[in-house]
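Below you'll find the structure, written out as structure tokens, and then a few comments.
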Amino acid sequence: MSSLKGKVAMVTGAASKRGMGHAVALRLAKEGADVVVVDKFAAPKSMFPGDEGWGGLDEIVKEIESAGRKALALTMDINVSKEIDAGMDKVMKKFGRMDILVHAAAIRGPVGVPVIDLSEKDIRSIIDIDLVGSFLICKAAAKGMVAGGKGGKIVIFCSLAGTHGVSGSAAYSAAKYGTIGLTKSLALELAKYKINVNGINPGMIVTNLRDESFQKMAEAEGITWEEARKKDQGGLAKIIPWGRLGTPEEAADLAYFLCSDQSDYVTGEVIALGGGVT
């Protein structure tokens with residue numbers, strides 16, 4: 001596949017140690033891109049044993065620079081337009097361009113909570129961050145790419161939860177249905193500017209996204225956090241034809257393909273990444 005040398009990429013949701021955004025940022029840097037890493041929190045806590053002291057965005061910047069690439073860390077709320085605009089200004093001042101957006105930021109919200117018991121606060125938070133935030137960051141990136149006149153790549157992390165209902169996660173599922181619609185619509189709007197827009201539908205991937213859910217499960221069952229995680233993920237693995245959960249690095253492989261010129265004739269597609277579960 002082609003190198004990304006000379007390209008500038010922005011990756012949102014990058015600060016979690018075991019997140020897909022982190023893996024994508026490192027993969028794009030490895031392939032030659034300078035990378036802007038973005039998150040609302042500079043160093044989100046990871047509950048995985050051994051992850052204590054994780055440095056978040058600052059640590060990722062060091063990882064990218066050790067690969068010989070330039071990096072910029074931005075803490076910003078993708079649900080606040082002013083913060084996005086300020087962040088984009090910093091990117092332009094440092095790099096003068098942005099060629100790639102990989103939008104991986106999202107929250108999971110409560111797991112296993114029926115709609116009738118889901119608070120309005122949780123509903124609005126999930127929809128605002130996962131759907132409205134996707135609109136705002138993609139809008140800002142697209143405007144910059146259109147103005148630059150050199151095309152670009154936008155990759156949106158959607159979810160397999162956006163292709164079917166999920167009992168106990170209705171708000172998350174609804175938001176992810178929305179991101180799929182955004183991906184397909186934006187692809188049609190930006191095709192004339194040679195900007196590809198594609199989505200990735202991750203299934204069950206080992207990340208930090210459900211750390212708090214495992215904590216609640218552990219407390220309810222009187223077991224350790226790690227025991228709760230292994231119990232839950234072990235059960236999920238049984239329904240996956242490939243026999244295991246996916247890794248952030250596998251998500252990064254697919255994201256890299258969609259960011260490279262090998263995917264120039266691919267746009268408006270949302271690709272499942274689920275080990276055959278669909």
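Nothing in this text is a laboratory measurement; each read-out follows from the coordinates by a stated rule. The structure displayed is predicted, hence computed values, not measured ones. So basically every Cβ, Gly included, is an ideal-geometry build from the backbone, and we count neighbours across all protein chains shown.
Going from the residue with the fewest nearby Cβ atoms within 10 Å to the one with the most, 124, 69 rank 124, 69. Based on alpha-carbon atoms, the Kirkwood radius and the radius of gyration of segment 148-193 give Rg/Rh equal to 1.14. The Cα atoms of segment 5-123 define a convex hull whose projected area, averaged across directions, is 8.6 nm². Pairs of Cα atoms nearer than 8 Å and 6+ residues apart set the relative contact order; for the chain it is 21 percent. Full extension of the segment from residue 92 to residue 80, taken as 0.36 nm per residue of separation minus the current Cα-Cα distance, would add 2.4 nm.
In segment 105-223, the convex hull through the Cα atoms has an average projected area of 8.1 nm², a quarter of its surface area. Build a GNM of the chain with springs between Cα atoms under 10 Å apart, and of 152, 68, 50 the one that fluctuates most is 50. All distinct Cα pairs of segment 199-249 go into the 1/r average, and the inverse of that average, the Kirkwood radius, is 11.7 Å.
Once the Cα atoms are used to define both axes, helix 20-30 deviates from the longest principal axis of the chain by about 30 degrees. What the pair-distance distribution of segment 167-278 shows, using all Cα-Cα distances binned every 5 Å from zero, is 2, 10, 16, 18, 19, 13, 10, 6, 4, 2, 0, 0 percent. Residues of segment 207-239 with an amide N closer than 18 Å to a point placed 7 Å from the Cα of residue 117 along the Cα-to-Cβ direction: 212-222.
Note on segment 63-153: Kirkwood radius taken over Cα pairs, Stokes-Einstein applied at 20 °C and 1.002 mPa s, translational D equal to 142 µm² s⁻¹. I'd like the orientation of helix 211-221 relative to the chain: the angle between its Cα long axis and the longest Cα principal axis, in ° from 0 to 90, rounded to 10. Long axis of 211-221 versus the principal axis of the chain: about 0 degrees. Each DSSP beta bridge with both residues in segment 134-278 is either parallel or antiparallel, and the antiparallel ones are about 0%. R0 = 35 Å: FRET efficiency of residue 188 with residue 42, Cβ-based, nearest 0.05? Calculated transfer efficiency: 0.45.
Arranged from fewest to most other beta-carbon atoms within 10 Å of their beta carbon, 78, 180 become 180, 78. Computed from backbone phi, the HN-Hα couplings of segment 151-156 come to x, x, 9, 10, 10, 10 Hz, rounded to whole numbers (Karplus: 6.51 cos²θ - 1.76 cosθ + 1.60, θ = phi - 60°; Gly and Pro given as x). Remark: the residue 271-residue 51 segment gains 76.1 nm on full extension, using 0.36 nm per residue and subtracting the alpha carbon distance. Among 193, 265, sorting on how many other beta-carbon atoms sit within 10 Å of each Cβ, with the fewest leading, yields 265, 193.
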